[in-house]
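Asker: Take a look at the following structure, please.
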Amino acid sequence: MQQLTPAGQNVVDELARRYGLSQEAVVHMLVAVSNGGGSMAQFYCNELGGGGQWMRGGMTMVGDMFNYGLKNTVDSLCNELSNALANTQMFPLAPAGSRHSSQWWPGDLGSPFSSGGQNNIRYAVFPQRLAVELNGQVTVYDTLNHSIGGVSQQQGGDTSLSFSSQFGTVSVSSLPIISGLGLPQAPQNNFAQPAPAPVYIAPPPPAYEPPAPAYSPPPVIGGSGSADELIGLIEKLARLRDAGALTEQEFNSKKSELLGRL
């Protein structure tokens, strides 16, 4: 567990008692708030719902997003830890440039104009230099002609960092290394994967529609004709009507005409 001063241990004991947490959980959150410069924290603590983020005066995120009681607990605890860091010597003083020092970067870089930390990575931005610390190993990068406006870490706990500059978002791994080993690269597949062949999908066949019956004009009837012939003609007209070749009005008109000849 992180070494604390006697005053820092008293603060941790008191907060653990009041919040019903273990000392280990409170110390974990203390380190997270410290890495965030006292104004933010990115943490993973089982007693506080797993992974989450806190920003002073801003939004608090926890694994159980609808557990507002847990959000209030995290927000209150982080605020108290931030105040303790500002007013109490929580950690023993460490030599400048060492891992546990608040000035963990090489002394010849001077004072950074921006610094912070996420998960287990800390960073500090200097004129034309970017210092990154991971597990006690410090790497100094040449920022070239970039004017760094912010540093961010990929979600998911990996070690990839990117920063924003006047040229957009740039990966830290693309910068030249001045000293140190650099951050480990995310695993990549060295084998080129062929693009999948396009698959042709035939369009579905059109829905079948039976052809409309050919229109036959009503027969022209000359003379009176016999009753059987007239009835046969009416039956033909009815079939034409049923097939849609005649309208109901046309059928009735012609039927009346034929019946009038009986």
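The values are calculated or read from the model by the stated rules, or taken from the named source; none is laboratory data. Treat the numbers as computed from the prediction; the structure is a model and nothing was measured. Counting neighbours? That spans all protein chains shown, and the Cβs are built from the backbone with ideal geometry, glycine included.
Asker: Is it the case, given these coordinates, that Ser22 is of a type in the set (Gly, Ala, Ser) and either in contact (Cβ under 8 Å) with a residue 40 or more places away in the chain or closer than 30 Å to Ile148 by Cβ (or both)? Please lay out each step first, then the result.
Answerer: On the way: of a type in the set (Gly, Ala, Ser): yes; either in contact (Cβ under 8 Å) with a residue 40 or more places away in the chain or closer than 30 Å to Ile148 by Cβ (or both): no.
So Ser22 does not fit the description; no.
Asker: Can you say whether Ala25 is over 30 Å from Val140 (Cα atoms) and either in the same structural domain as Leu134 (by TED's automatic domain parsing) or assigned to a helix (DSSP H, G or I) (or both), as far as the supplied structure shows? Before you say what the answer is, go through the steps one by one.
Answerer: Values: over 30 Å from Val140 (Cα atoms): yes; either in the same structural domain as Leu134 (by TED's automatic domain parsing) or assigned to a helix (DSSP H, G or I) (or both): yes.
The answer is yes for Ala25.
Asker: Looking at Ala245, Ala227, which one is loosely packed, with under 13 Cβ neighbours inside 10 Å and modelled with pLDDT of 55 or more? Lay out the reasoning, then the answer.
Answerer: Values: Ala245 fails: loosely packed, with under 13 Cβ neighbours inside 10 Å.
Selected residue: Ala227, the only one of Ala245, Ala227 that is loosely packed, with under 13 Cβ neighbours inside 10 Å and modelled with pLDDT of 55 or more.
Asker: Being in a strand (DSSP E or B) and either at pLDDT 85 or above or under 28 Å from the mean Cα position of the chain (by Cα) (or both) is the requirement here; does Gln42 meet it? Talk me through it step by step, then tell me what you get.
Answerer: Working: in a strand (DSSP E or B): yes; either at pLDDT 85 or above or under 28 Å from the mean Cα position of the chain (by Cα) (or both): yes.
The answer is yes for Gln42.
Asker: Follow-up. Could you please find all residues in segment 45-67 being in a strand (DSSP E or B) and either in contact (Cβ under 8 Å) with a residue 24 or more places away in the chain or in contact with a Pro (Cβ under 9 Å, 6 or more places away or on another chain) (or both)? Steps first, please.
Answerer: Applying the first criterion (in a strand (DSSP E or B)) to segment 45-67 yields 45, 50-55, 61-62.
Trp54, the sole residue that qualifies.
Asker: Only one of these is outside the structural domain of Gly50 (by TED's automatic domain parsing), of a type in the set (D, E, K, R), at pLDDT below 80 and surrounded by 12 or more Cβ atoms within 10 Å (Cβ to Cβ): Asp142, Asp158. Name it. Give the derivation first.
Answerer: On the way: Asp142 fails: at pLDDT below 80.
When all the criteria are applied, what remains is Asp158.
Asker: Quick one: in segment 102-116, which of the residues that are part of a loop (DSSP other than H, G, I, E, B) and surrounded by fewer than 14 Cβ atoms within 10 Å (Cβ to Cβ) is modelled with the lowest pLDDT? Before the answer, list the steps.
Answerer: Here is the first cut: in segment 102-116, the residues part of a loop (DSSP other than H, G, I, E, B) are 102-106, 110-113.
Now drop any that are not surrounded by fewer than 14 Cβ atoms within 10 Å (Cβ to Cβ), which leaves 102, 110-111, 113.
Working: Ser102: 62, Gly110: 81, Ser111: 78, Phe113: 74.
The extreme case among them is Ser102.
Asker: Separate question: Mind listing just one residue for me: the one in segment 1-47 that is surrounded by 20 or more Cβ atoms within 10 Å (Cβ to Cβ) and in contact with a Ser or Thr (Cβ under 7 Å, 6 or more places away or on another chain) and, of those, nearest to Asn72 (Cα to Cα)?
Answerer: This residue is Val33.
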